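To start, the structure under review is shown below, and the notes come after it.
The values are calculated or read from the model by the stated rules, or taken from the named source; none is laboratory data. Just so we're clear, the structure is a prediction, and the values are computed from it rather than from any experiment. All Cβ positions, even for glycine, are placed from backbone atoms using ideal geometry, and neighbour counts span all protein chains on display.
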Amino acid sequence: MIQGIGNSNLRGVWSATPTPFTDKMQIDTASVRRLVEHHIRLGVKGLFLAGTCGEGPWMTDRQRCILVRTAVKYAKGRLSLAVQVTDNSSARILDNIRAAREDGADIAVIAPPYFLANTRTEAILDLYIEAIRKSHLPVGIYDRGTYSSIVIPEGVLKAVYAEKNVILIKDSSTDPRRRRIALAARRKRPELRLLSGGEFNCVEYLQAGYDGLLLGGGIFNGLLAGQIITAVADGHIAKARRLQGRMNRIMYDVYGGRKIACWLSGLKYLLVEMGIFRTWKNYPHFPLTQTCRKAIKRVLKKDANVLMPWRK
C-alpha cells in the first residue's frame, strides 16, 4: 500500500468535495481549512479534489495547485487526498500527475477525457495505459458511464482495472454491467478498492460488495453515508434504506428538487449557511432560486443533527 494510505483509508466514506471561491473567483484558502476540519468531524476518510463537483474541468492549473497545497497543509495526514488529473492526452495527464505529486497529493484520478479527435477503442486504451504505467502516483479511475461526453468502452475498463498501479475505482456509472466489470476486477485483484459515486442509491452498491462511497455530497451527507455503510455491514438493510431515504430527501432539497436545478449553487449556499464557505460562487453559474434557499433553510433546521452533529 502507498505511503500514508492504509487499506482502511481506501474504504468508508470519501468526499468529492466542492471548491470554495472568493467573490473574485480565487481559491478561498480559509474556507479550505474549514472544509478539511468539517470532513474530519464527519468521519470522512479522504477527499477527491478538483473533480466534477470540485470544478476541476473549469479551474486553472494555478487554482488547482493552490487548492491541493492548501488541503495538504491543513489535512496534515489526517485525510487521504486524491486529485483529478483528467485531460485529452496521456502527455497532459502525466504533466498534471507530476504537478499533483509535487503539491502533495496521494492519488491521481483519471476520468474520461473532455474531448478526443480519435475515439477508436484502441486510441482510448493507449491513452489510459500510457498514463497509468508512467504515473508517479497510484491511480484512481473515475467511471462516469454514459454521463460523460466520451464514454469509455467496457473492454477498456476491463484492461485498465487490471493495471497494478490502479488502486481505486470511483463508479458513478449507475450501470449494472459496468458494476459487474468492477467487481470482477476486484476478484482478480483483491487489493483494488471500489467506491460508488451514486449517492442516491448507496445501499445496492454496498450490498453488491463495494468498499465504500465517494460522494459529491459527502461534505454534508458524510455522516449519513457512514451510517448507511454500517447498517449494510451489520445486515440491517431496512434501516439502511430508511437512512438512504432521508439522505435523498436532504439532497433533493439542497440540489434544487428532482431536476437538480441548483446543483453547485445550492450545495455551496448550504455550506455558506453552515459557516464553512464564504460564497456560493461557481464556474458553471448555476442559479440560486428563492425556492432553493427556502428548502435549504428548512434542511438546516430539520437535519442539523446529521449536518453538524457536534453542535448541540
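Could you grab the pairs with beta carbons closer than 6 Å, sequence gap of 6+ or different chains, first residue in region 104-117 and loosely packed, with under 15 Cβ neighbours inside 10 Å, second one modelled with pLDDT under 95?
That search, which allows pairs on different chains as well, returns nothing.
Taking the condition of being under 17 Å from the mean Cα position of the chain (by Cα) and surrounded by fewer than 19 Cβ atoms within 10 Å (Cβ to Cβ), how many residues in region 73-103 meet it?
Going through region 73-103 one residue at a time, the tally reaches 0.
State which residue is surrounded by the most Cβ atoms within 10 Å (Cβ to Cβ) when the search covers only region 19-43 and only residues that are hydrophobic (A, V, I, L, M, F, W, C) and over 27 Å from Arg98 (Cβ atoms).
First, the residues of region 19-43 that are hydrophobic (A, V, I, L, M, F, W, C): 21, 25, 27, 30, 32, 35-36, 40, 42.
Narrowing further to those that are over 27 Å from Arg98 (Cβ atoms): 30, 40, 42.
Numbers: Ala30: 13, Ile40: 16, Leu42: 23.
Looking at residues that are hydrophobic (A, V, I, L, M, F, W, C) and over 27 Å from Arg98 (Cβ atoms), I get Leu42.
Picking from Ile260, Ile228, Ile237, which residue would you name as being of a type in the set (Val, Ile, Thr) and surrounded by 15 or more Cβ atoms within 10 Å (Cβ to Cβ)? First the steps, then the outcome.
Details: Ile260 fails: surrounded by 15 or more Cβ atoms within 10 Å (Cβ to Cβ); Ile237 fails: surrounded by 15 or more Cβ atoms within 10 Å (Cβ to Cβ).
Result: Ile228 is the single residue among Ile260, Ile228, Ile237 that is of a type in the set (Val, Ile, Thr) and surrounded by 15 or more Cβ atoms within 10 Å (Cβ to Cβ).
Which residue is surrounded by the most Cβ atoms within 10 Å (Cβ to Cβ), if the candidates are limited to region 195-209 and must be without any contact (Cβ under 8 Å) to a residue 60 or more places away in the chain and aliphatic (A, V, I, L, M)?
Leu206
Confirm whether Val272 is modelled with pLDDT of 95 or more and more than 22 Å from Thr22 (Cα to Cα).
no
Of all residues in region 127-153 being of a type in the set (Phe, Trp, Tyr) and under 19 Å from the mean Cα position of the chain (by Cα), which is farthest from Ala105 (Cα to Cα)?
Residues of region 127-153 of a type in the set (Phe, Trp, Tyr): 128, 142, 147.
Checking which are under 19 Å from the mean Cα position of the chain (by Cα) leaves us with 142, 147.
Working: Tyr142: 16, Tyr147: 26 Å.
Once the filter is applied, the top-ranked residue is Tyr147.
It is to be established whether one or more residues within region 47-54 are in contact with a Gly (Cβ under 9 Å, 6 or more places away or on another chain), touching a residue at least 24 places away in the same chain (Cβ under 8 Å), on the phi > 0 side of the Ramachandran plot and surrounded by fewer than 23 Cβ atoms within 10 Å (Cβ to Cβ).
No, there is no match, as no residue in region 47-54 is in contact with a Gly (Cβ under 9 Å, 6 or more places away or on another chain), touching a residue at least 24 places away in the same chain (Cβ under 8 Å), on the phi > 0 side of the Ramachandran plot and surrounded by fewer than 23 Cβ atoms within 10 Å (Cβ to Cβ).
Output the residues belonging to region 275-308 that are without any contact (Cβ under 8 Å) to a residue 60 or more places away in the chain and within 20 Å of Leu215 (Cα to Cα). Break it down into steps so the answer makes sense when it comes.
Going through region 275-308, the residues without any contact (Cβ under 8 Å) to a residue 60 or more places away in the chain turn out to be 280, 285-305, 308.
Hits for region 275-308 are Trp280, Phe286, Ile296, Val299, Leu300, Asp303, Ala304, Asn305, Met308.
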